[in-house]
Amino acid sequence: MRKPLVAGNWKMNKTVAEARDLVNMMKSPLGELTGVEKVLCPPYIALMTVASMLEGTDIGLGAQDMHWEEKGAFTGEVAPNMVKEFCKYVIIGHSERRAYFGETDETVNRKLSTAIKFGLTPIVCVGETLDQYESGLTEEVVRRQIKAGLAGIDSANAAKIVVAYEPVWAIGTGKASSGENANTVHQKVIRPALSELFGVDGAEAIRILYGGSVTASNASEFFSYADIDGALVGGASLKPDEFVAITKAAFRP
Ligand code: PGA
């Protein structure tokens, strides 16, 4: 049984003071929800504050990105051991990083190897753009992102990886994929590609999240599908009631 996971990607939102307020509003209701892994991914600058606020809770903390090198002359970047100091999770290869900051399957792969080396749980994002979706290229694109992004990872570490399928056309648009469409991509494209890399058992252990305009009102539809193991939530993770409701909906008795 794969434990459901719901992660909130705050993106470039919230000052440290605002982050403190947001965590204060969500901490106890989230803490009461058992049977779901809960993760908050605030901006780097708020990680230290949020980490201390989450101490003693079962709410995990994640960074939104990191560099693949361990240290050195990389102005503006954040190293894996800096992330590790506060976080258990790290988002890798988000489509916004791919679209605006030159992230490629190769850099995703390097970051993933480093994350595993440092004992972090990577949440690796894949997903096709609107053009690719409309041209019927979803399978080809997502398959390539999985095969290239996760290449060379030892099967023994496969279960530590979390994949998030986030069709770019659904991110921040209010136009979520249907649960059926997302589940089909998870089942027919992502898990088979993972099986080729890690074997059937290895692939079965990997959680595949859906992301893209998940809200409190559509969350249960996604979670009713067997191959949707949770959600990566953007906009709605900034609204405490919404995020708590989404997390609650992910629970599988
Ligand atoms: P959204 O973002 O929920 O605002 O669509 C999802 C994501 O980018 O992870």
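The values are calculated or read from the model by the stated rules, or taken from the named source; none is laboratory data. These figures come from a predicted structure and were not determined experimentally. Please note: Cβ atoms are built from the backbone with ideal geometry, for glycine as well, and neighbour counts cover all protein chains shown. Surface accessibility is based on the protein's heavy atoms, side chains included, excluding ligands, DNA and RNA. Shrake-Rupley method; radii C 1.70, N 1.55, O 1.52, S 1.80 Å.
Quick look at the values:
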| item | result |
| --- | --- |
| Candidate set from the stretch 81-101 (those that are within 16 Å of the ligand (Cβ to nearest atom) and open to solvent by less than 30 Å² (accessible area, probe 1.4 Å)); member that is farthest from the chain's Cα centre (by Cα) | 95 |
| Verdict on residue 104 being in contact with a helix residue (DSSP H, G or I) (Cβ under 9 Å, 6 or more places away or on another chain), touching a residue at least 40 places away in the same chain (Cβ under 8 Å), over 20 Å from residue 71 (Cα atoms) and open to solvent by 20 Å² or more (accessible area, probe 1.4 Å) | no |
| Contacts under 8 angstrom Cβ, first residue in the stretch 117-140 being closer than 20 Å to residue 171 by Cα, partner open to solvent by less than 50 Å² (accessible area, probe 1.4 Å) and acidic (Asp, Glu), 6 or more apart | 125/166; 126/166; 127/166; 137/128; 138/128 |
| Residue check, residue 172 away from the ligand (no atom under 16 Å from the Cβ) and either farther than 17 Å from residue 2 by Cβ or over 16 Å from the mean Cα position of the chain (by Cα) (or both) | no |
| Number of positions in the stretch 124-173 that are among the hydrophobic types (A, V, I, L, M, F, W, C), assigned to a loop (DSSP other than H, G, I, E, B) and open to solvent by 10 Å² or more (accessible area, probe 1.4 Å) | 4 |
| 3 or more residues of a type in the set (A, V, I, L, M, F, W, C): qualifying helices (runs of 4 or more DSSP H) within the stretch 1-107 | 16-31, 44-54, 80-86 |
| Residue in the stretch 177-185 that is open to solvent by 50 Å² or more (accessible area, probe 1.4 Å) and either farther than 19 Å from residue 223 by Cα or not in a loop (DSSP other than H, G, I, E, B) (or both) present | yes |
| Total residues in the stretch 192-219, condition more than 20 Å from residue 140 (Cβ to Cβ) and either among the aromatic types (Phe, Trp, Tyr) or part of a loop (DSSP other than H, G, I, E, B) (or both) | 9 |
| Answer from 226, 216 - the residue that is open to solvent by 10 Å² or more (accessible area, probe 1.4 Å), out of contact with any Cys (no Cβ under 8 Å at 6 or more places or on another chain), over 26 Å from residue 63 (Cα atoms) and not hydroxyl-bearing (Ser, Thr, Tyr) | 226 |
| Matching entry among 72, 76, 62, 56 (being of a type in the set (Gly, Ala, Ser) and open to solvent by 80 Å² or more (accessible area, probe 1.4 Å)) | 56 |
| Residues (over 15 Å from residue 7 (Cβ atoms), part of a loop (DSSP other than H, G, I, E, B), modelled with pLDDT of 95 or more and touching a Gly at 6+ places or on another chain (Cβ under 9 Å)) located in the stretch 220-253 | 224, 225 |
